[in-house]
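Asker: Handing you a structure now.
Bear in mind these aren't lab numbers, they're just calculated from the coordinates by the rules spelled out. This one's a predicted model, so the numbers in the text were calculated from it and none came from an experiment. Cβ sites come from the backbone with ideal geometry, for glycine too, and all protein chains shown count toward neighbours.
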Amino acid sequence: MDETVAEYIRRTVLKIPRDEIKTMLQKWGFLSEKQLQTINFHQIKENVSQDVVQLCEANSADIKQAAVLDIIWEETEIFDLTDFKKKFKRRLQSALKNVTISFREYEDNAIWIRVAWGTPYTKPNQYKTSYVVYHSQTPYVFISASVLKSNLPLLCQALVLASNYHDIREMELRSHSLNSLKDIVFKRYSQNFQTYHPRPLQERNAAPESGTNEKERIQRVNREAFGDGPQPKLEFAQYKLETMFKSDPKMDVLDKKEPFRCLVKFYSPHLLESLKSLAPAGMADAPLSPLLTCIPQKARNYFKIREKKGLFPGSFVSP
């Protein structure tokens, strides 16, 4: 481990109150629980910091991991839950008086917010509520689909003000499973990056492989695309295609200048697991299109596929 990284980790640990060091290290997650048990957190902070540095050195920590520890501590130090609640309620109630707001704290720094909406002339409807989950140590907030379009701007304004961020942007990622959404955006799900490349044409025209070798190839390619672990639970994916048909100007076959558009949707109780099973079941060639396997990597299940300028007709990219 680089000396600069070691010193950075040591100084970060020294900034944390001694009775909070263990909690911060657990939230960091870089050191195992077994390693943390070897540290005497009752000794002076200098000695604690040295023990932490030694364990980090054994785990080959780099500056990225050190920076994450610093962020966790700084955000914990800065975030004030009482202030967050006060700002959120004040902003929402100033825009809409007839509204009921409730908060509840959960583990993993999750703050659940329940909002029952009314109108300027009616009381809040307790049977039509919206739910928000905000994680104080992340720049992510999860909003239930039950929020009316007319109320969504008010809710977003209150969240931005209370969390001290500058703006809020929508992620094109939706699911009925909150845990799966969290696994994807927090990178708790480790999908392998697709490293398989199509074989050269002459190889593909060669004699087919034996059944056993082909099964092994499919398993390997599938593992490279999806990883070994269970997939996050998503129920659908949507792709909007927009392209232009082209022909030689002299032929004048196509006279319309309007782009061709189509919409493709995939539905399943567990879409990613379904996609993962296609090739082994013989229902699709391996590897699958990166447009299907990149969903967790790009943290989105809504895609727009447009033609990239300068490419040949029929070549498309997803922004």
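Asker: Could you list which residues have their amide H under 5 Å from that of Asn301, counting only those 5 or more apart in sequence or on another chain, with H placed in the peptide plane?
Answerer: Leu173, Arg174
Asker: Sticking with this one: Is there a pair in Lys187/Lys265; Lys22/Lys64; Lys187/Lys233; Lys240/Lys276 whose C-alpha atoms are over 18 Å apart, and which pairs would that be?
Answerer: In this structure, Lys187/Lys265; Lys22/Lys64; Lys240/Lys276 exceed 18 Å between Cα atoms.
Asker: Taking region 81-170, how much of its Cα-Cα pair set, in percent, is spaced more than 22 angstrom apart?
Answerer: 20
Asker: Excluding Ala116 itself, calculate the net charge of residues whose Cβ lies under 12 Å from the Cβ of Ala116, where each Lys or Arg counts +1 and each Asp or Glu counts -1.
Answerer: +3
Asker: Could you compute the net charge surrounding Met1? Neighbours are other residues with a C-beta less than 10 Å from the C-beta of Met1; K and R count +1, D and E count -1.
Answerer: Combined, the nearby Lys, Arg, Asp and Glu give -4.
Asker: Alpha carbon centre of region 156-190 versus region 16-90: separation in Å?
Answerer: With region 156-190 and region 16-90 each reduced to a Cα centre, they are spaced 23 Å.
Asker: Counting only other residues whose beta carbon sits under 10 Å from that of Tyr239, what net charge do I get with K and R as +1, D and E as -1?
Answerer: +3
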